[in-house]
Amino acid sequence: MPELSLEESIIKEGILSAPQLQTVKIELQRSSITLVEAIRRLRFVPEDTLINFLSSKLHLKVFSAAGYSPSQDILALLPVEFLWEKKVAPLLKENDELTVGVLDPLNTALLEEVRFRTGFFIRPCLIKEEDLNSVLAKYYNRRSGLRAAAKEEKVIEQIREEGAEPSAIEAANLLLIQAIKFNASDVHIEPQSKDKMSLRLRIDGVLKEISPPDPKIFNAFISRIKIMSNLDIAERRLPQDGRFSFTTEDSALDVRVSVIPTIQGESIVLRLLKQNKKLLSLQELGMSKDNFEKYRKFIQRPSGIILVTGPTGSGKSTTLYASLLSLQSVEKNIITIEDPVEYQLDFCRQIQVNHKINLVFATGLRSILRHDPDIIMVGEIRDLETATIAIQAALTGHLVLSTLHTNDAASAVTRLIDMGIEPFLIASCLNGVVAQRLIRVLCPKCKKPKVYTSNDPAFSAISSEATAAGYETVGCQDCLNTGFSGRLGIFEVMEMSPEIGRKSVDKASSDVINDLCRKEGMKFLHDDGLQKVLAGLTTPQELLRVIGTKLKS
């Protein structure tokens, strides 16, 4: 018979009632704490009962104060202020193993920090809070500890000045704080060789290298990230995925963690999602007046399908969220299925894809259609099944918004046909397609005016004009010497006109559809980008970096 989980044992042995356990789970979701800490915080159980239960289930000893007298070696192991702050007491040292008294044996982050600070293997021991405070009060003078802590802080500051970091924990925290400061979307922690690591932040879509921590704590630094993510620190052969939350006074992050083994060591990427990030409105996306009016006309139709296309990281999800924000109404039932849910919206119901239980876009979309929706947002159309259901939903009176991975708007039509969708269905229900990219915006604090001429290779690649006034990058402390601060979208908005519909039915190529779009007055990505260069928002070099050399028609 399989062993019961801790939660199951808590119910079976009557430690908590089912409603109490539910309250504990709510507390767990609200705070980044363990099950034991949540139970202690809510005071549902007498301490003796909780300790005896944990001792039995986790096979841990309970500290007895009788005859306890720590050696000087133990008393000198850890700073006094650390012990009082973390509520932990070193009790016994045998060879390379240290027994410590803790209130919460599930707090693996604390146990790992003690291991790192002392260099010993850590064996947790349960201790009553009264006994813990007595031990600390008797053997660890807090006032002298404060003086020692102040001295330690001076040492830490000196280490910082020398370019090193005092601990893996602080190094990880400082890295995340720096990522927040520069509004990074990703952190890349990459081994290069023995005792050498590269740290890079993706800022406005471009990777920027920053100083790594001291080589002496590389392994501990990697372990710290894995512990925060609830990953197996001993597993270094297989990829792992995890997540954790990180909170400062001004920001709250949901951090998605991916670890892959390489021949140099473990490579880690942290995806940073701000929990309190403000949703952009349609007006804030950067669409020109013509594109904005055309797109707004698409989404105000009661039915049909609207596609947003572009490569990964081009802002497609942001455009869809802005669209939903403009469509919200008490008269509309809006349901989404996403992978992952990047923003939590209070005006619609959101479903998270879960491949482990076969909750994918296609199966989720089928269920959504039985839930009486008016507007449906599908995170991405990846296969024929999802495309077919989305098309049928659009044909039966629903407004469907989704994304595709194509380079331009016209290619969305040919991609759907290649998937197996009948061309006449596309012509019947496709309202329009938006293709987009994100370009970096010049830093307003350091950009300087420049007159571009045809002698400038980048400018001549995007414009046939002889000269044009614009701005160029400089670089300052505020923009991390990149010359850019923030990003803006560039767009092409293709309306499914009757003529384009006829070409689609004839299975015309994307080049033919693009030629027709040009005749009908559609502005392409490079047209929109050029307008932003001439408006002093970005540079020709940045536009070329984003959309390549296929520019002038």
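Numbers for the structure displayed
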{"read-out": "Only Lys, Arg (+1) and Asp, Glu (-1) charged, at Cβ; the stretch 175-302 dipole about Cα centre in debye", "value": "380"}
{"read-out": "Convex hull volume per residue for the stretch 244-392, taking Cα atoms only, in Å³", "value": "165"}
{"read-out": "Sum of side-chain charges, V493 neighbourhood, beta-carbon under 13 Å (Lys, Arg +1; Asp, Glu -1)", "value": "-3"}
{"read-out": "Convex hull volume per residue in cubic angstrom - Cα atoms of the stretch 438-506", "value": "144"}
{"read-out": "Portion, in percent, of the accessible area of the chain that falls on carbon or sulfur, probe 1.4 Å", "value": "49"}
{"read-out": "For R115, net neighbour charge (Lys/Arg +1, Asp/Glu -1) across residues whose Cβ lies under 14 Å away", "value": "+2"}
{"read-out": "Förster radius 35 Å - calculated FRET efficiency between N219 and D418, Cβ distance, rounded to 0.05", "value": "0.15"}
{"read-out": "The stretch 470-480 - phi-based ³J(HN,Hα) in whole Hz, Karplus 6.51/-1.76/1.60, Gly and Pro as x", "value": "x, 9, 10, 6, 10, x, 8, 5, 5, 10, 6"}
{"read-out": "Local electrostatic count at I334 - Lys and Arg +1, Asp and Glu -1, tallied over other residues with Cβ under 13 Å", "value": "-3"}
{"read-out": "Euclidean distance between Cα centres, the stretch 46-120 to the stretch 298-357, Å", "value": "49"}
{"read-out": "Placed amide H near Q350: partners under 5 Å, 5+ positions off or other chain", "value": "T336"}
{"read-out": "Charge dipole (debye, nearest 20) of the chain; +1 at Cβ of Lys and Arg, -1 at Cβ of Asp and Glu", "value": "660"}
{"read-out": "Selection from S314, T23, F53 lying farthest towards where the dipole of the chain points positive, charges on Cβ", "value": "S314"}
{"read-out": "The stretch 1-91 - charge dipole about Cα centre, Lys and Arg +1 at Cβ, Asp and Glu -1, debye rounded to 20", "value": "180"}
{"read-out": "For the stretch 290-307, Karplus couplings with θ = phi - 60° (6.51, -1.76, 1.60), whole Hz, Gly/Pro x", "value": "5, 5, 5, 5, 5, 5, 4, 5, 4, 6, 8, 6, x, 8, x, 10, 10, 10"}
{"read-out": "P(r) histogram, all alpha-carbon pairs of the chain included - 10 Å bins from 0, percent", "value": "3, 14, 20, 21, 18, 12, 8, 3, 1, 0"}
{"read-out": "Beta bridges per DSSP with both ends in the chain, % antiparallel, nearest 5", "value": "65"}
{"read-out": "Cα→Cβ-extended label distance, 7 Å offset, between V505 and K445, nm", "value": "5.8"}
{"read-out": "Estimated FRET transfer efficiency (L58, R236; beta-carbon r; R0 35 Å; 0.05)", "value": "0.85"}
{"read-out": "Estimated distance in nm for a label pair at E129 and N455, the labels positioned 7 Å out from Cα along Cα-to-Cβ", "value": "7.6"}
{"read-out": "Table column - 3J(HN,Hα) (Hz), the stretch 502-518, Karplus curve with 6.51, -1.76, 1.60, x for Gly and Pro", "value": "5, 5, 5, 4, 7, 6, 5, 6, 5, 5, 5, 5, 4, 4, 5, 4, 4"}
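The values are calculated or read from the model by the stated rules, or taken from the named source; none is laboratory data. The structure presented is a predicted model; accordingly, all values stated were derived computationally and were not measured. Here the Cβ is made from the backbone with ideal geometry for all residues, glycine too, and neighbour counts use every protein chain on show. In case anyone asks, the SASA skips ligands and DNA or RNA and just uses the protein heavy atoms, side chains included. Shrake-Rupley method; radii C 1.70, N 1.55, O 1.52, S 1.80 Å.
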